[in-house]
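See structure below.
The values are calculated or read from the model by the stated rules, or taken from the named source; none is laboratory data. Note that the coordinates shown come from a computational prediction; the quantities given were computed from them, not determined experimentally. Don't worry about glycine lacking a Cβ; one is built from the backbone with ideal geometry, like all the others, and counts go over all protein chains shown.
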Amino acid sequence: MKAREIKPGIYWVGAVDWDRRLFDALIPLPDGTSYNSYLLKGGDKVALIDAVDPPMEGVLLNRLSQLGVESIDYVIASHAEQDHSGSLPRILEIYPNAKLVTTPKCKGMLIDLLMIPEEKFITVNDKETISLGDKTLEFIHAPWVHWPETMLTYLQEDKVLFPCDLFGSHLAATDLYITDEGKVYEAARRYYAEIMMPFRINIQKHLEKIKDYEIDIIAPSHGPIYNKPALILKAYRSWVFDPPRNIVVLPYISMHGSTQKMVEHLVEALAERGVTVKQFNLSVTDIGKLAMALVDAATMVIGTPTVLVGPHPNVAYAAFLANALKPKLQFVSIIGSYGWGSRAVEQLGGMIPNLKVEVLGPVMSKGFPREADFKALDSLAETIAQKHKEHNFA
Ligand code: FEO
C-alpha cells in the first residue's frame, strides 16, 4: 500500500473504508468513507497530519513504511474524535520521538479519551506556526467544526489547507482528487447537513477567517481532495450564508391512510402555488436525505397520525433530529389525524425549541379527512406560499 504524492513532499497516507455503512452508530454512509492522513516531508522535519480510525491503523502504518518514514517529528491532531485520533497512541509508540501538536482544548480531550501522556504534547495558539524547514505549517483555530477543540492547518508555501472534518465528504473512492463533481457535491452536502449544519454560525466566522488565504488545494480528512477548492468553498458559503429557499420539507408517517391522504392533498396544493415540496415517508426514508433537504428549506410541515395520544415515534424522532440539526427553517406546521383524541401537536411543538420559527396553524383530522380538512389544507398551502413570497424566498 503506497503513499500517494499530492505535491512534492506532501503525501496522502490515508485509508479508504468501502464497507462502512453507519457512523457514530447513527449516520447512514451509503457510499462508505475514507480517513485521510497526510505526511509532510520538509527539509528539516517530518510531520503527519491526523491518524485514521483504529481498525485501519495497519493501512496507515503500511503506507508510512512503504514511504520509508523512519522518524516523525510532529503529529498534528486537528480533532480529538477517534476516527482521526484513535490510532495516535500506536503512532506515538512506533515513532517515539514525535510530539503531538494540537490546540490546548484538544490536548485535554486526547488525554481524557486516549490516555496520551501529557509530556507528548505541544500546544499551539491560533495562527501560530511550526517550520519543517522549507514548509511552514500555520494552525488556524476553528472551534465547533463539529467539536469544540478543532483546528485547521495551512501549509503556507504550497497553499494547501488541511481542514480535517470541515469540507469533508463520506465517500469511498480510489481517485485522490474529485472526478465527478456532482457526486462529491451530493456527498459533501449530506456531510454538511448531518454533521456541520448545527454549527452554521460558527462556520460563517471560520469562512470569513480563511477567505483571504490563497488556497490551491483543500485536503480534508474524509473523501476526495479538492484541487479546485472553489467548488466546496462556494457550496459552503451558500449553505451557511444564503437565505432559505421556496421549499417545504414534509416528513410524515401514515398508519391507515388518513395522514397519507392529507399529505397528498397538501403537496398538490403547494405545488399548484409554485412551492417546491420534498416529501419523506419516514417508514422508508434515509434520514440523511431528510437532513440534506433541510439545508435550504424555508418551511417544514410534519405529518403524523396519533399513537397513544402523541405523535408516531418515527415522527417524533424526525422532529428531534430537525431540532438538533438547527436548519434555516422559518416556518413549521403540523398536519395529521387522530381517532378519538390527540396531543400530538402540543407534544411535537415541545420537541423543537431550537427552531426559531413561526408556527403556522395545524390541521388535524378526526378520522379520515373530509371537505373541511381539505379546505384547511388549501388554506395552509396558501399561507405558506404567501409567507415565502413576502420573504422573497426563491
Ligand atoms: Fe471525522 Fe469528527 O470526525
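Is it fair to say Ala80 is modelled with pLDDT under 95 and not in a strand (DSSP E or B)? The answer is no for Ala80.
How about region 156-177: which of its residues are within 18 Å of Ser238 (Cβ to Cβ) and hydrophobic (A, V, I, L, M, F, W, C)?
Taking region 156-177 and keeping what is within 18 Å of Ser238 (Cβ to Cβ), we get 163, 166-169.
Of everything in region 156-177, those that are within 18 Å of Ser238 (Cβ to Cβ) and hydrophobic (A, V, I, L, M, F, W, C) turn out to be Leu166, Phe167.
In the set Cys164, Cys106, only one residue is assigned to a loop (DSSP other than H, G, I, E, B), out of contact with any Gly (no Cβ under 8 Å at 6 or more places or on another chain) and within 16 Å of the ligand (Cβ to nearest atom); that residue is Cys164. Look at region 65-94: where a residue is β-branched (Val, Ile, Thr) and a partner is within 12 Å of the ligand (Cβ to nearest atom), sitting 6+ places away or on another chain with Cβ atoms under 6 Å, you get Ile91/Ala51.
Picking from Glu128, Glu138, Glu93, which residue would you name as being out of contact with any strand residue (DSSP E or B) (no Cβ under 6 Å at 6 or more places or on another chain) and surrounded by fewer than 23 Cβ atoms within 10 Å (Cβ to Cβ)?
Matching residue, one of Glu128, Glu138, Glu93: Glu93.
Please find, among Leu132, Leu176, Leu207, the residue that is over 26 Å from Met109 (Cβ atoms), touching a Lys or Arg at 6+ places or on another chain (Cβ under 9 Å) and more than 15 Å from the ligand (Cβ to nearest atom).
Leu176
Residues of region 52-64 that are within 16 Å of the ligand (Cβ to nearest atom) and either without any contact (Cβ under 8 Å) to a residue 12 or more places away in the chain or closer than 17 Å to Leu113 by Cβ (or both): Val52, Asp53, Pro54, Pro55, Glu57. Set side by side, the residues Tyr185, Tyr191 differ, and just one is within 13 Å of the ligand (Cβ to nearest atom) and under 21 Å from Pro30 (Cβ atoms), which is Tyr191. Taking the residues in region 141-158 that are outside any strand (DSSP E or B) and in contact with a strand residue (DSSP E or B) (Cβ under 6 Å, 6 or more places away or on another chain) as candidates, determine which candidate is surrounded by the most Cβ atoms within 10 Å (Cβ to Cβ). Out of the qualifying residues, it is Ala142.
Specify which of the listed residues (Ser65, Ser71, Ser131) is under 28 Å from Ile215 (Cβ atoms) and not β-branched (Val, Ile, Thr).
Numbers: Ser65 fails: under 28 Å from Ile215 (Cβ atoms); Ser71 fails: under 28 Å from Ile215 (Cβ atoms).
It is Ser131.
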